[in-house]
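Novice: Just dropping this structure here.
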Amino acid sequence: MRLGVSLRSAYNPMDDHRVGARWVIERGLATRDAGLDSLFVGDHHATGPFPYYQNVPLMGRLLADWDERPAGVLMLLPLWHAVLAAEQLGTLASIARGRFILQCALGAGEQQFAAMGANMRTRPSRFEAVLDTIRRLLAGEEVDGVRVAPIPTEPMEVWIGASADPAIDRAARLGDAWLAEPNLVPDEARRQLESYLGACERHGRTPTAVAIRRDVHVGADAEDAVRVAQPIVDAGYRGFRPDACTYGSVEQVAETFAQYGKMGYTDVIVRHLVDDQSEVLRSLQRLGAVREAIAAT
C-alpha cells in the first residue's frame, strides 16, 4: 500500500500571508524527504479572510523540489472553465518529472459556486462535460475549434472523489481511480469500497488506484499523539467524527493504515490535523517510518 500527502492549503488569518505559503513549501520538502509516495494540493475558492493558497501556482512551486514520484492537484470541476483547466494541467504535467494526477470532485457550497459564476443544481452534468473536454484536449484533440498545448507526455490519470451512491457509480464509470472522502469511519470506508468495486465490475473498469484520505497526526509515542491531537478532535475538527481521524505512535498509525490495505485500498492520502508547523513537520518525518512499517507487514 502506498502512502501519500495532500498538503493543507487553508490557514487562519495572518498578518503576513507569505508565512503560510512558506509553511506549505516546507511541508512539501518534508514529504519528499520522508520518502512518501505522492504529493497533492486541494481546491477551494472565495475563502477570504482565510488564506487559501491556490493549487496551480502552488503545485508549480512544489514541483521545483519534487522528484519523479506522482504528484497532482484537486480540481472541483464545475467551478472551472474546461479550456483553462486543460491548459493549467498540461503545464503542470510538463513541469512534473513523473506521473501527474488530476483528482476531481463536484464541490459544494452556495457561496463558492456563486463567486465562481457556477450553478450548484447542474453540478453533475457540468462535471462530466468539463472532464470530457479536459481529457480530449489533453489527448491532443481539437474540441469546438480549440486545441491546447503543452499536453502531457503520458495520459493523465484521473481520480474521482465521491461518497454518495450515484457519485461512486460515476467515479467507476468515468475515473481511472476513486478517492474516498476523509470523513468516513472505517465501517463506511469498507462499505463504500465494496460499492465502488461492484460499480467497476458493472462498467467493465479496472481501477489504477483505490485511495482514501485520512486526517492524521503521528506523535513521538502514543501519549505525545494524544497530547497534540486529542484537543483538536474533541473540539470537533471539521465536523468529523472522532473515528474518522487517525492519530497515535508510528506503530499505531501503521497498524490502522494497514487495515485499510486489508480492505482493498491501495493508497492512503494523509492531511494533518494540527496547525502547529513544527508538529506537522515532525509528524511528516514519522510518516516515513509509518510507510516502512506498513511495507514490512
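Every number in this text was worked out from the coordinates using simple rules, so none of it is lab data. Values in this document were obtained by computation on a predicted structure and should not be read as measured data. Using ideal geometry, Cβ is built from the backbone for each residue, glycine included, and neighbour counts are taken over all protein chains shown.
Novice: What dipole magnitude, in Debye to the nearest 20, does region 173-226 give about its Cα centre under +1 on Lys/Arg Cβ and -1 on Asp/Glu Cβ? Show your work: numbers first, answer last.
Specialist: Numbers: 7 positive and 10 negative charges, 107 e Å.
That gives region 173-226 a dipole magnitude of about 520 debye.
Novice: Then there's this: Between residue 149 and residue 255, what FRET efficiency follows from the Cβ-Cβ distance if R0 is 51 Å, with the result rounded to 0.05?
Specialist: Given R0 = 51 Å and the Cβ-Cβ separation, E is 0.60.
Novice: Using helices alone, what [θ] at 222 nm do you get for the chain, with -39,500 (n - 2.57) per DSSP H run of 4 or more residues, divided over all residues and rounded to the nearest 500?
Specialist: Working: 10 runs with 137 residues, N = 297.
The per-residue figure over the chain is -15000 deg cm²/dmol.
Novice: With the Cα gyration tensor of region 27-100 giving a ≥ b ≥ c as the square roots of its eigenvalues, does the rule (a/c under 1.5 for rounded; else a/b larger than b/c for prolate; else oblate) give rounded, prolate or oblate? Kindly include the intermediate steps, with their values, before the conclusion.
Specialist: On the way: a/c = 2.37, a/b = 1.34, b/c = 1.76.
Oblate, because a/c is 1.5 or more while a/b does not exceed b/c.
Novice: If you don't mind, another one. Specify the inter-centroid distance of region 26-62 and region 240-285, based on alpha-carbon positions, in whole Å.
Specialist: Region 26-62 and region 240-285 have Cα centres spaced 18 Å from each other.
Novice: So for the pair residue 94, residue 19, with labels modelled 7 Å out along Cα→Cβ, what separation do we get in nm?
Specialist: Those two pseudo-labels are separated by 3.7 nm.
Novice: Taking Cα atoms, how many degrees apart are the long axis of helix 82-95 and the longest axis of the chain, rounded to 10 and kept between 0 and 90?
Specialist: Here the helix axis deviates by roughly 60 degrees.
Novice: If you place +1 on the Cβ of every Lys and Arg, -1 on the Cβ of every Asp and Glu, and leave all else neutral, what size is the dipole of the chain about its Cα centre, to the nearest 20 Debye?
Specialist: On the way: 32 positive and 39 negative charges, 91 e Å.
It works out to roughly 440 debye.
Novice: Show me, for region 204-219, the HN-Hα J-couplings you get by feeding each phi into the Karplus relation (A = 6.51, B = -1.76, C = 1.60, θ = phi - 60°), rounded to Hz, glycine and proline as x.
Specialist: With coefficients 6.51, -1.76 and 1.60, one gets x, 10, 10, x, 7, 7, 10, 10, 9, 8, 10, 8, 9, 8, 10, x Hz.
Novice: Mind pulling the angle between the C-alpha long axis of helix 250-263 and the longest principal axis of the chain? Nearest 10 degrees, somewhere in 0 to 90.
Specialist: 40 degrees
Novice: Considering only the other residues whose Cβ falls under 13 Å of the Cβ of residue 35, what net charge follows from Lys and Arg at +1 and Asp and Glu at -1?
Specialist: Computed value for this residue: 0.
Novice: So, R0 is 41 Å and r is the distance between the beta-carbons of residue 194 and residue 139; what FRET efficiency does that work out to, to 0.05?
Specialist: Values: r = 32 Å, r/R0 = 0.79.
Result of the calculation: an efficiency of 0.80.
Novice: Pull out the extension gain between residue 227 and residue 47, defined as 0.36 nm times the separation in residues minus the alpha carbon to alpha carbon distance; nm, one decimal. Mind dumping the intermediate values first?
Specialist: Numbers: separation 180, 0.36 × 180 = 64.80 nm, distance 3.00 nm.
Separation in residues times 0.36 nm, less the Cα-Cα distance, equals 61.8 nm.
Novice: Further, regarding this structure: Note the full-extension length gain between residue 240 and residue 33 as 0.36 nm times their separation in residues minus their Cα-Cα distance, in nm to one decimal. Display every interim value, and only then the final one.
Specialist: Values: separation 207, 0.36 × 207 = 74.52 nm, distance 2.95 nm.
Taking 0.36 nm per residue and subtracting the Cα distance, the gain is 71.6 nm.
Novice: Moving on. Within a Cβ distance under 13 Å of residue 12, other residues only, what is the Lys/Arg minus Asp/Glu net charge? Provide the component values of the computation, followed by the final result.
Specialist: On the way: positive: 8; negative: 15, 16, 275, 276.
Overall, the nearby charge balance is -3.
Novice: Right, next: If r is the Cβ-Cβ distance from residue 54 to residue 296 and R0 is 41 Å, what FRET efficiency results, to the nearest 0.05?
Specialist: Details: r = 38 Å, r/R0 = 0.94.
Efficiency computed from Cβ-Cβ geometry: 0.60.
Novice: Rounding to the nearest 10 and keeping the result within 0 to 90°, find how far the Cα-based axis of helix 186-203 lies from the longest principal axis of the chain.
Specialist: 30 degrees
Novice: Hey, of (i) 6, 27, 34, 23, 9, 1; (ii) 6, 27, 37, 24, 5, 0, 0; (iii) 6, 25, 29, 22, 13, 5, 1, 0, which did the structure itself give for P(r) over Cα pairs in 10 Å bins from 0, in percent when calculated?
Specialist: Recomputing P(r) over Cα pairs in 10 Å bins from 0, in percent here gives the entry labelled (ii).
Novice: What is the spin-label model distance, in nm, from residue 116 to residue 206 if the labels are put 7 Å beyond Cα along the C-beta direction?
Specialist: Roughly 3.4 nm, to one decimal.
Novice: Roughly how big is region 1-120's charge dipole about its Cα centre, with Cβ charges of +1 (Lys, Arg) and -1 (Asp, Glu), in debye to the nearest 20?
Specialist: Numbers: 10 positive and 11 negative charges, 42 e Å.
Taking the Cα centre of region 1-120 as origin, the dipole is about 200 debye.
Novice: Name the residue from 168, 253, 265 whose Cα lies farthest towards the positive end of the charge dipole of region 128-285, charges +1 on Cβ of Lys and Arg and -1 on Cβ of Asp and Glu.
Specialist: Comparing the listed Cα positions along the dipole, 168 ranks first.
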